[in-house]
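The structure that follows is given in the form of structure tokens.
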Amino acid sequence: MTTTLHTYSFRAMNTDMETILLLEEGDDRIGRLEAYTADWFAFAEEVFSRFRPDSELSRINRSGGALGMVSDTMAEVLGLSEQLTRETQGVFSPLLLEALEASGYRESFERLPGRASISGPVPPVRPGMEWNPGMKAVCLAAGSRLDLGGVVKGWAAEKLAGWLSGRWGIRAGIVNAGGDLSVWGAPAPGESWLVGTADPWKGDEDAGMLAVSGRGAVATSSVLGRRWTTDRGERHHLIDPRTMESSRSDIVQCTVAGPRLPLAEAWAKALCILGSDEGLKLFRERAPSYSAFCFTEEGRLIYCGRPEKRDAWTGREIDRTIGE
């Protein structure tokens, strides 16, 4: 039977979404697959959006420190967030909404004013969430509010990829949630998916391609994309929980590949926040199954990971390898 790659592109969760699925020609499920995909991301947005006052996340943030039960969906992501916080030793944190809003990021990015105002300084993050997985209940400390945007797109993409391959029996595909990808299978026998990595300074060009086969994930984070001007200079969306301000390090963009998309997403952010010295040391210790391609502010490309994984990269020459 002849197969074809079917692409479906749409907007959800304030970003571009895309699925690429290996289907048999004439597959009559295309319309249902597209509706299933769009409905899933719409549901995730209804639960987790910080910009929707009726979302479950917004209701939790208005709870005023009271212990409250949460849905199974919210419980899964809160548990995952705690895991990512432990894995990155606190560099990934879901408790950064106060800092994001204080830096001027108070509405969806495309609606930000040309010049945003900054409110007073926010104290460094402290343990501000009590999570009881047995009860599926959460209590936020006074002054703490959740923003799960750093994990939920990757989580949603990975969940959908699992359902498409399992429930729907699709043997190969990509779910791309705003540049964070969950992949499985291969586009053709003996071939790999080729995932483009954007050039940090030339957004319409790729710096290289990463070959991915089997089940895996690729996530990219950058301080150069979501930036805005304030009355105190430029800011970006990656908040350092140690300072509660936009991070400052020598890494301006990082792509991480590995088995799980939420972990790849968290590490891509953590490396941009920590920088090459501190960040890559922690990455090597805590994420041996993952590989990182880091672009520095000086224009250098650093690779960190197992030597054999470096061979999956083609394109821009790697200036330094850590892990050999």
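How many residues does the stretch 280-290 contain that are in contact (Cβ under 8 Å) with a residue 24 or more places away in the chain, within 19 Å of Pro262 (Cβ to Cβ) and buried (at least 19 other Cβ atoms within 10 Å of the Cβ)? Reasoning before the result, please.
From the stretch 280-290, those in contact (Cβ under 8 Å) with a residue 24 or more places away in the chain are 280, 282, 284, 286-287, 289-290; that's our starting set.
After this cut, where a residue has to be within 19 Å of Pro262 (Cβ to Cβ) as well, the list is 282, 286-287, 289-290.
Among the residues that remain, those that are also buried (at least 19 other Cβ atoms within 10 Å of the Cβ) are: 287, 290.
Selection size over the stretch 280-290: 2.
Looking at Ala186, Ala217, Ala207, Ala161, can you tell me which residue is in a helix (DSSP H, G or I) and among the aliphatic types (A, V, I, L, M)?
One residue alone meets the criteria, Ala161.
Listed here are the residues, each with its yes/no results for (1) in a helix (DSSP H, G or I); (2) surrounded by fewer than 18 Cβ atoms within 10 Å (Cβ to Cβ); (3) modelled with pLDDT under 95.
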residue	(1), (2), (3)
Ala264	yes, no, no
Trp267	yes, no, no
Ala270	yes, no, no
Glu278	yes, yes, no
Ala292	no, no, no
Phe295	no, no, no
Glu308	yes, yes, yes
Thr314	no, yes, no
Glu317	no, yes, no
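Across the stretch 291-318, what is the number of residues that are over 19 Å from the mean Cα position of the chain (by Cα) and either more than 21 Å from Leu263 (Cα to Cα) or among the aromatic types (Phe, Trp, Tyr) (or both)?
Selection size over the stretch 291-318: 14.
Quick check on Val195: is it under 21 Å from Gly258 (Cβ atoms), part of a strand (DSSP E or B) and out of contact with any helix residue (DSSP H, G or I) (no Cβ under 6 Å at 6 or more places or on another chain)? Before you say what the answer is, go through the steps one by one.
On the way: under 21 Å from Gly258 (Cβ atoms): yes; part of a strand (DSSP E or B): yes; out of contact with any helix residue (DSSP H, G or I) (no Cβ under 6 Å at 6 or more places or on another chain): yes.
In short, yes.
Here are Gly169, Gly154: which of them is out of contact with any strand residue (DSSP E or B) (no Cβ under 9 Å at 6 or more places or on another chain) and either farther than 24 Å from Arg248 by Cβ or part of a loop (DSSP other than H, G, I, E, B) (or both)? Steps first, answer last, please.
Values: Gly154 fails: out of contact with any strand residue (DSSP E or B) (no Cβ under 9 Å at 6 or more places or on another chain).
Just one listed residue meets the conditions, Gly169.
Still on this model: Out of the residues in the stretch 1-32 that are small (Gly, Ala, Ser) and within 30 Å of Arg50 (Cβ to Cβ), which is surrounded by the fewest Cβ atoms within 10 Å (Cβ to Cβ)? Please lay out each step first, then the result.
Residues of the stretch 1-32 that are small (Gly, Ala, Ser), as a first pass: 9, 12, 26, 31.
From what is left, the residues that are within 30 Å of Arg50 (Cβ to Cβ) are 9, 12.
Numbers: Ser9: 10, Ala12: 20.
Checked the stretch 1-32; the qualifying residue surrounded by the fewest Cβ atoms within 10 Å (Cβ to Cβ) is Ser9.
Among the residues of the stretch 50-73 satisfying the criterion of being without any contact (Cβ under 8 Å) to a residue 60 or more places away in the chain, in contact with a helix residue (DSSP H, G or I) (Cβ under 8 Å, 6 or more places away or on another chain) and part of a helix (DSSP H, G or I), which is surrounded by the fewest Cβ atoms within 10 Å (Cβ to Cβ)?
So the residue we want is Glu56.
A further question follows. Restricting attention to the stretch 194-216, report how many residues are surrounded by 16 or more Cβ atoms within 10 Å (Cβ to Cβ) and touching a Phe, Trp or Tyr at 6+ places or on another chain (Cβ under 9 Å).
The total comes to 10.
Okay, next question. Counting only residues that are surrounded by fewer than 21 Cβ atoms within 10 Å (Cβ to Cβ) and in contact (Cβ under 8 Å) with a residue 40 or more places away in the chain, which one in the stretch 166-175 is farthest from Leu21 (Cα to Cα)? Talk me through it step by step, then tell me what you get.
If we filter the stretch 166-175 for residues that are surrounded by fewer than 21 Cβ atoms within 10 Å (Cβ to Cβ), which is where we start, we get 166-169, 171.
Checking which are in contact (Cβ under 8 Å) with a residue 40 or more places away in the chain leaves us with 168, 171.
Details: Trp168: 11, Arg171: 8 Å.
Out of the qualifying residues, it is Trp168.
Quick check on the stretch 46-86: of everything there that is among the hydroxyl-bearing types (Ser, Thr, Tyr) and over 25 Å from Arg242 (Cα atoms), which residue is nearest to the chain's Cα centre (by Cα)?
Residues of the stretch 46-86 that are among the hydroxyl-bearing types (Ser, Thr, Tyr), as a first pass: 49, 55, 58, 63, 71, 73, 81, 85.
Imposing the further condition that a residue be over 25 Å from Arg242 (Cα atoms) reduces the set to 55, 63, 71, 73.
Details: Ser55: 20, Ser63: 26, Ser71: 22, Thr73: 18 Å.
Per the stated criteria, the residue is Thr73.
Follow-up question, since we're still on this one. Suppose we filter the stretch 112-144 for residues that are in a loop (DSSP other than H, G, I, E, B), closer than 20 Å to Glu56 by Cβ and either among the hydroxyl-bearing types (Ser, Thr, Tyr) or at pLDDT 90 or above (or both); how many remain? Give the derivation first.
Just the residues of the stretch 112-144 that are in a loop (DSSP other than H, G, I, E, B), to begin with: 112-115, 117-128, 133-136, 141-144.
Now restrict to residues that are closer than 20 Å to Glu56 by Cβ: 128, 133-136, 141, 144.
Of the ones still in play, those that are also either among the hydroxyl-bearing types (Ser, Thr, Tyr) or at pLDDT 90 or above (or both) are 133-136, 144.
Selection size over the stretch 112-144: 5.
The values are calculated or read from the model by the stated rules, or taken from the named source; none is laboratory data. Since this is a predicted model, take the numbers as computed values, not measurements. Positions of Cβ are generated from backbone atoms using ideal geometry, with glycine treated the same way; all protein chains shown enter the neighbour counts.
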